[in-house]
Structures are given as structure tokens and as C-alpha cells.
Amino acid sequence: MKILLLGSGGREDALAWRLSQCGSCEELHVAPGNPGMARWADEVHSLDLGDIDGTVRLAHGLGADLVVVGPEAPLVAGLADKLEAAGIPCFGPGKGAAMLEGSKSFTKRICDDAGIPTAAYEETASVEAGLAAIERFGVPVVVKADGLAAGKGVTVAMTREEAEEAVREAGDAPLVIEEFLEGEEASLFALCDGESVQFLASAQDHKRVGEGDTGPNTGGMGAYSPAPVLTDDLADRAMREIVAPTAKWLSEQGMAYRGVLYAGLMLTKDGPKLIEYNVRFGDPECQAIMPRIAGDLAKALHAVASGGLEKAEPLALEEAHVMTVVVASKGYPAGSTKGGAINGIEAAEEDGAIVFQAGTARADDGQLVAAGGRVLNVTGAGESLEDARDAAYAALEKIDFADGFHRSDIGWRELGRDG
Ligand code: AMP
Ligand code: GLY
């Protein structure tokens with residue numbers, strides 16, 4: 001089959017790498033891609049992902065049998081609906097279901113309707129109502145902007161002052177104010193074809209920029225899969241109590257979900273509770289999941305996009321542990337430097353590690369350079385998380401990128417548990 005993969009980050013490089021190895025993938029096209037993805041793709045197409053009609057024209061012109069959408073923005077903008085109208089199977093939900101990521105209040109209403117465990121909450125749309133809600137909940141409390149905020153619209157307030165400031169700052173914008181959940185966070189990724197759901201993998205990421213999970217939030221500085229805290233029993237329970245009822249609700253409302261459902265969970269003493277949904281693979285979680293996939297990913301994604309998941313063979317996973325460590329440009333996430341030369345990727349990959357690329361570019365002379373933000377995802381695998389960590393950091397040592405920095409403690413919480 002001919003596949004068009006959309007996106008240009010580390011997540012998409014990992015997807016491209018894995019898809020290109022599948023027996024069922026005859027041609028892999030990527031757009032707009034990056035220099036890493038060019039290593040695996042048959043062709044890289046320039047494309048403005050904000051141009052939905054242009055994207056559909058590209059898929060149509062290529063005769064694509066499947067479009068795989070990496071980031072959420074084109075989904076929220078309705079790309080999947082337009083592809084469906086053009087008769088092209090799309091891995092990624094339609095605009096209606098993509099509201100799971102686009103609107104926190106939408107997700108909360110599904111939880112209410114379908115009895116899905118989540119934090120108690122209240123929706124407000126004025127400073128007055130927001131302050132009253134904080135009064136009722138007490139602290140700690142969580143204040144969330146209702147809308148796509150790229151992870152930046154959330155304040156976990158430990159004091160009343162912080163909570164009130166977040167409410168005042170939002171003015172009369174719609175907020176979701178919710179109970180603070182205590183526990184450990186883990187991410188669950190499930191495939192969903194509109195009818196059936198299938199557990200894919202668990203992962204954990206490190207969102208803060210600094211060692212020990214300190215400093216400002218980022219898109220993620222590293223991740224590993226599986227997440228041992230999400231045991232098989234807890235994963236089953238989350239699939240049963242959270243993911244399956246969500247898919248059922250959406251399908252009953254005529255918003256069948258086709259794609260990967262990324263559930264951010266809090267593992268509380270009362271069991272897993274939903275923190276949030278994303279309608280895509282996590283980045284960098286995807287980079288840690290792809291090397292674990294043993295089966296034909298392209299076939300599975302096609303089954304998801306065309307509603308045949310139940311009949312398809314479950315996607316086989318390797319027993320391995322995988323860790324990915326992000327190398328970002330200095331200054332990230334506030335700003336970041338561009339243009340710094342990157343060398344040593346081949347050497348880093350000699351012993352089986354793999355370096356997925358995100359913010360990279362080719363200079364006129366062909367030199368690989370940083371394009372800012374998160375730049376590389378150095379990914380190692382092993383029989384244990386410790387082995388995976390050692391493989392990733394050993395590979396990282398061989399990379400020469402003076403303008404980059406990384407966290408040296410990815411996995412610390414998990415690795416610290418058994419000494
Ligand atoms: P969200 O964008 O909803 O995932 O929130 C961002 C982060 O805020 C999450 O990854 C959690 O670390 C934290 N968070 C969100 N909601 C809660 C909650 N109800 N209780 C505790 N922490 C939360
Ligand atoms: N790593 C977090 C995310 O992809 O949203």
C-alpha cells in the first residue's frame with residue numbers, strides 16, 4: 001500500500017522509520033517531513049499542514065491508500081472528515097472526536113455521561129465563578145484553560161494565591177477547575193477503529209525541562225515504554241473503565257474515533273483516573289513505542305482507519321524496554337538557538353541505538369543543523385529499562401552538537417524504585 005505520513009517531528013520520524021520496514025508498505029510519502037524522515041521515505045513533499053484542502057489534494061494526487069496524521073492540529077481542523085469524503089482512509093479522528101484534545105469540557109462531559117473515572121470538576125466562564133469554585137474545592141486545585149493550549153494552559157495550584165491568580169489571569173475565558181488527583185501519571189495508547197479498541201502500549205514522559213522534573217514544562221524531554229507502573233491489571237482496568245466507554249460514547253454520537261487514543265492517566269489509590277485525552281501519539285512517547293512494535297504497523301493502522309481492527313491480528317510487541325532522550329537546542333523551551341552543526345549520528349547508531357530527528361534542517365552545503373526546539377531523540381533498547389537507558393546515553397555521548405542540551409536523568413523515578 002501507498003502511505004502518506006503527515007508531520008515533521010520526532011514522533012513522525014519514528015513512525016516513518018517503523019512504517020518503512022513493514023511488508024505491506026510499498027511506498028512511503030512524507031510531508032512536510034524532516035531530514036531524518038528523508039532517510040526512510042520514498043519521497044518527501046513540501047506542504048503547509050495548515051492547508052487542509054492542499055493536503056487532501058496531495059493524498060488524492062498520490063493515490064494514497066492510507067494517510068497517517070502525526071500532529072493534532074490538522075485533525076482538529078477537520079482533515080480526516082475531508083479525506084473520508086474523498087474516499088481516503090485516514091489514521092486520525094474526525095473533527096468531532098478530535099474535540100477530545102481540543103476541548104477539556106467536552107471530555108469532561110463524556111466522563112459524566114459514560115461514568116468514566118476522572119477528577120471532580122466545574123466549568124466556569126467568569127472570574128467571579130472561578131473564584132467561587134476555588135473556594136469550594138480548596139487547595140491544591142487545578143485550573144485549566146478550555147481549549148488547545150499545547151500543554152501550557154494548566155496550573156496545578158498548591159496555594160489559594162496561585163489558584164486565584166490563574167483564574168484572574170484567564171479573565172472571563174472558559175475554564176475547567178478540578179480536584180487535584182494524587183498518584184503517579186502514566187500514558188496509555190490504544191488503537192480504536194470506531195467500534196473496537198485495542199491496547200497498544202504504555203509509556204511515561206518527562207515534561208519539565210530540568211533535572212529532577214523541575215523548571216518550565218516542555219513538549220517532553222524524554223520517555224520510556226513500557227511504563228512498569230501501569231501493570232497489565234491496571235491497563236486492563238483503564239481500557240475497560242476509560243477507553244472502551246469513551247469509544248462507545250463517541251460512536252453512539254456519530255463521531256466514531258479512528259486513530260490512536262492517548263489517555264493521560266493518574267494512577268490513584270482508587271484506580272486509574274483520566275486526566276486528559278490526546279488524539280495522536282505522544283511525542284516523545286511514540287519514539288519509545290515504535291521500536292517495540294514487532295508486527296506490521298502499516299497493516300494495523302490501515303485496519304484502524306478503515307474499521308477492520310477486530311478482524312486484524314493484534315499488533316505484536318517486543319518484550320524490550322525502550323528509552324528515548326531528547327536533545328533540545330539551548331534556550332528551549334523559552335526560545336532556542338538555530339543553525340548549530342550536528343555530527344556523529346552514524347556513530348551513535350553503530351551499536352543499535354537510533355536517533356530520531358525533530359528540529360533539524362540541512363544547510364546549503366548539506367551539513368545537518370539544528371532548526372530549534374527539540375532537535376534529536378536518542379533512542380536505546382534493552383531487556384530492562386536500565387539497559388535501555390544505558391544504550392540511549394552511550395549513543396548520546398557520540399553525538400557532537402555543541403548547541404544542544406539534554407536531561408541526564410530520564411527514567412529516574414522508575415529506575416530509583418528498585419535501587
Ligand atoms: P493536562 O494538560 O490536562 O494533561 O495537564 C497537564 C499536567 O497537569 C498533567 O500532566 C498533570 O501533571 C497535571 N494535572 C492535570 N490535571 C490534574 C489533576 N486533576 N490533578 C493533579 N495533576 C493534574
Ligand atoms: N509528550 C506529551 C505529549 O505528546 O503531549
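The values are calculated or read from the model by the stated rules, or taken from the named source; none is laboratory data. Everything quoted here is computed from the prediction, not taken from an experiment. Please note: Cβ atoms are built from the backbone with ideal geometry, for glycine as well, and neighbour counts cover all protein chains shown. Heavy atoms of the whole protein, side chains included, go into the accessibility calculation; ligands, DNA and RNA do not. Shrake-Rupley method; radii C 1.70, N 1.55, O 1.52, S 1.80 Å.
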Exercise. What's the extension gain from Arg237 to Ala294 if we count 0.36 nm per residue and subtract their Cα-Cα distance?
Worked result: 18.1 nm
Exercise. Taking amide hydrogens as modeled 1.01 Å from N in the peptide plane, which residues meet the under 5 Å criterion relative to Gly340, leaving out close sequence neighbours?
Worked result: Ala370
Exercise. Looking at the chain, which Cys residues are left with no other cysteine's beta carbon under 4.7 Å from theirs?
Worked result: Cys90, Cys111, Cys192, Cys286
For this session: Name all residues of region 180-194 having a backbone nitrogen under 12 Å from the label point set 7 Å from the Cα of Asp213 along its Cα→Cβ direction, giving them as ranges.
Result: 182-187
Seminar exercise, completed: Amide H proximity to Ile275 below 5 Å, modelled H, separation 5+ or other chain, gives Gly264, Leu265, Met266
Exercise. Amide H of Val68: which non-local residues (sequence gap of 5 or more, or other chain) have their own amide H closer than 5 Å, using H built in the peptide plane?
Worked result: Leu4, Leu5, Leu6, Phe91
Problem set entry | Surface accessible to a 1.4 Å probe, per residue, for the residues of region 103-217, Å² | 46
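Of the beta bridges DSSP finds with both residues in the chain, what % are antiparallel, to the nearest 5? Provide the component values of the computation, followed by the final result.
Values: 65 of 80 bridges.
That works out to approximately 80 percent antiparallel.
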Exercise. Among Gly352, His302, Thr214, whose Cα sits farthest toward the positive end of the charge dipole of the chain (+1 at Cβ of Lys/Arg, -1 at Cβ of Asp/Glu, about the Cα centre)?
Worked result: His302
For this session: Heavy atoms only, probe 1.4 Å: what % of the accessible area of region 160-203 goes to carbon and sulfur, would you let me know?
Result: 42
For this session: Please report the relative contact order for region 273-327, taking Cα pairs under 8 Å with a sequence separation of at least 6, and give it as a percent rounded to a whole number.
Result: 44
Seminar exercise, completed: So, relative contact order of the chain in percent, Cα under 8 Å, 6 or more apart, is 16
Problem set entry | Set of region 68-103 residues, backbone N closer than 15 Å to the point 7 Å along the Cα-Cβ line of Arg109 | 96-103
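Which residues make up the longest stretch of the chain that has no trypsin sites (Lys or Arg not before Pro) in a DSSP loop with at most 12 other Cβ atoms within 10 Å? Walk me through the numbers on the way to the answer.
Details: sites that count: Lys152, Lys269, Lys311.
Maximal segment without exposed cleavage sites: 1-151.
Too long at a 20 Å Cα-Cα cut-off: which of Lys273/Lys311; Lys207/Lys330; Lys2/Lys95? Each step should come with its number before you reach the end.
Values: Lys273/Lys311 30 Å; Lys207/Lys330 16 Å; Lys2/Lys95 24 Å.
From Lys273/Lys311; Lys207/Lys330; Lys2/Lys95, over 20 Å: Lys273/Lys311; Lys2/Lys95.
Which value, in debye to the nearest 20, describes the size of the charge dipole of the chain about its Cα centre when Lys and Arg Cβ atoms bear +1, Asp and Glu Cβ atoms bear -1, and nothing else is charged? Working shown, then result.
Working: 36 positive and 67 negative charges, 115 e Å.
The calculated dipole for the chain is roughly 560 debye.
Can you compute the charge dipole magnitude of region 62-158 about its Cα centre, using +1 on each Lys and Arg Cβ and -1 on each Asp and Glu Cβ, nothing else charged? Give it in debye, rounded to the nearest 20.
Working: 8 positive and 12 negative charges, 34 e Å.
Around 160 debye, computed over region 62-158.
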Seminar exercise, completed: Two pseudo-spin positions, 7 Å from Cα along C-beta at Arg39 and at Ala394, lie apart in nanometres by 1.8
Exercise. Along the charge dipole of the chain, which of Gly50, Leu265, Gln287 sits closest to the positive end, that is, farthest toward it, with unit charges on the beta carbon of Lys, Arg, Asp and Glu (+1, +1, -1, -1)?
Worked result: Gly50
Exercise. GNM on the chain, C-alpha springs below 10 Å: top fluctuator among Gly63, Gly50, Gly366?
Worked result: Gly366
Seminar exercise, completed: Nearest-0.05 FRET efficiency for Ala173 and Lys330 at R0 = 41 Å, using Cβ-Cβ distance, is 0.80
Exercise. So what does Ile52 come to for accessible area, using a 1.4 Å probe and Å² rounded to 10?
Worked result: 20
Exercise. Gap in Å between the Cα centre of region 335-352 and the Cα centre of region 202-276?
Worked result: 30
Exercise. With every protein chain present, what is the per residue accessible area of region 263-419 (1.4 Å probe, Å²)?
Worked result: 42
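What's the FRET efficiency of Lys338 with Glu27 using the Cβ-Cβ distance as r and R₀ = 25 Å, to the nearest 0.05? Spell out each step's value before the answer.
On the way: r = 32 Å, r/R0 = 1.29.
About 0.20, to the nearest 0.05.
When the accessible area of region 1-118 is split by element with a 1.4 Å probe, what percent falls to carbon and sulfur? Each step should come with its number before you reach the end.
On the way: 1950 of 4150 Å².
Roughly 47 percent, rounded to a whole number.
Over region 54-124, calculate the relative contact order: mean separation of alpha carbon pairs under 8 Å at least 6 apart, over the residue count, as a percent.
On the way: 65 pairs, mean separation 17.8, N = 71.
Here the relative contact order equals 25 percent.
How large is the helix-only mean residue ellipticity at 222 nm for the chain, computed as the sum of -39500 (n - 2.57) over DSSP H runs with n ≥ 4, divided by its residue count, in deg cm²/dmol to the nearest 500? Could you put the intermediate results ahead of the total?
Values: 15 runs with 128 residues, N = 419.
Per the formula, -8500 deg cm²/dmol.
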Exercise. Taking a probe of 1.4 angstrom, what is the accessible area of Val209 in Å², to the nearest 10?
Worked result: 30
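May I ask you to derive the FRET efficiency for Ala125 and Lys248 from their Cβ-Cβ distance with R0 = 35 Å, giving the value to the nearest 0.05? Could the numbers behind the result be given before it?
Values: r = 30 Å, r/R0 = 0.85.
According to the calculation, E is roughly 0.75.
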